[in-house]
1. For the stretch 64-85, what are the residues that are open to solvent by 70 Å² or more (accessible area, probe 1.4 Å) and within 18 Å of L32 (Cα to Cα)?
2. Considering only residues that are open to solvent by 50 Å² or more (accessible area, probe 1.4 Å), in a helix (DSSP H, G or I) and out of contact with any Lys or Arg (no Cβ under 8 Å at 6 or more places or on another chain), look in the stretch 47-63 and name the one that is nearest to T78 (Cα to Cα).
3. List the number of the failed condition for W128; all other conditions in (1) of a type outside the set (D, E, K, R); (2) farther than 19 Å from D47 by Cα; (3) open to solvent by 80 Å² or more (accessible area, probe 1.4 Å) hold.
4. Step by step: first the residues of the stretch 26-36, then only those that are part of a loop (DSSP other than H, G, I, E, B) and either without any contact (Cβ under 8 Å) to a residue 24 or more places away in the chain or hydroxyl-bearing (S, T, Y) (or both), then the one that is surrounded by the most Cβ atoms within 10 Å (Cβ to Cβ). Which residue is that?
5. Looking at R39, R4, which one is closer than 28 Å to A143 by Cα and open to solvent by 50 Å² or more (accessible area, probe 1.4 Å)?
6. Could you run through the stretch 92-137 and say how many residues are modelled with pLDDT of 95 or more and acidic (D, E)?
7. Looking only at residues that are under 17 Å from L100 (Cβ atoms) and free of Cβ contacts under 8 Å to residues at least 24 places away in the same chain in the stretch 16-25, which one is surrounded by the most Cβ atoms within 10 Å (Cβ to Cβ)?
Amino acid sequence: MPRRFSSLFRQHLDALTRVWVDEIYADRRTDLATLLTFRELVEHVPDLLDELGHLLDERAEGEEICEGARRLRGLAQTRFQQGALLDEVARELMLLRDTLGEFLWVEADGAAKGEAAAWLHDALRRSWLFFDEMIAQAILVYAVSLRPVVPTRGSVWPPPRRRRGD
């Protein structure tokens with residue numbers, strides 16, 4: 001059982017990313033593997049795991065975890081601009097959640113049974129809340145991005161979409 005999730009995630013970042021990318025490539029329910037370059041696909045993983053590691057280290061509760069997911073809203077905005085569909089973004093996050101869950105199970109396996117069970121339950125509960133909120137943020141980003149432009153005296157919301165070449 002790790003003392004610090006953030007250092008555990010950093011230490012195993014490459015291995016976690018490889019397993020997750022393999023899952024993305026094997027999943028036929030998305031076109032992310034053909035739509036995005038490898039770099040585009042994985043560039044958000046370190047930030048996401050840093051944020052989640054920090055939240056787990058601090059034993060953050062509901063509102064803090066939701067705020068952490070809101071700070072990563074840029075992932076959904078980037079995926080929208082890259083042409084990924086909302087269900088593909090949700091699937092991407094679900095696969096990362098599952099990969100991380102499997103990793104935490106392996107990490108907890110070597111510890112004393114009672115202590116490991118409590119540690120694992122707590123880490124999984126917090127990480128599931130985090131990923132649920134990430135999916136909710138993606139839904140909000142896509143909903144706002146697809147809404148018709150509403151003119152106001154002060155500004156136009158949502159702002160006009162930029163094209164890839166801009």
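The values are calculated or read from the model by the stated rules, or taken from the named source; none is laboratory data. Just so it is clear, the structure is predicted and the values come from calculations on it, not from any experiment. Glycine also receives a Cβ, built like all others from the backbone with ideal geometry; neighbour counts cover every protein chain displayed. Note: accessible area is taken over every heavy atom of the protein model, side chains too, but ligands, DNA and RNA are not part of it. Shrake-Rupley method; radii C 1.70, N 1.55, O 1.52, S 1.80 Å.
1. We begin by selecting, within the stretch 64-85, every residue open to solvent by 70 Å² or more (accessible area, probe 1.4 Å); these are 64, 67, 70-71, 73, 77, 81, 85.
Selection gives Q77, Q81, L85.
2. Selected residue: D47.
3. If we test W128 against (1) of a type outside the set (D, E, K, R); (2) farther than 19 Å from D47 by Cα; (3) open to solvent by 80 Å² or more (accessible area, probe 1.4 Å), just (2) comes out false.
4. Top of the filtered list is T30.
5. On the way: R4 fails: closer than 28 Å to A143 by Cα.
It is R39.
6. Result for the stretch 92-137: 4.
7. V21
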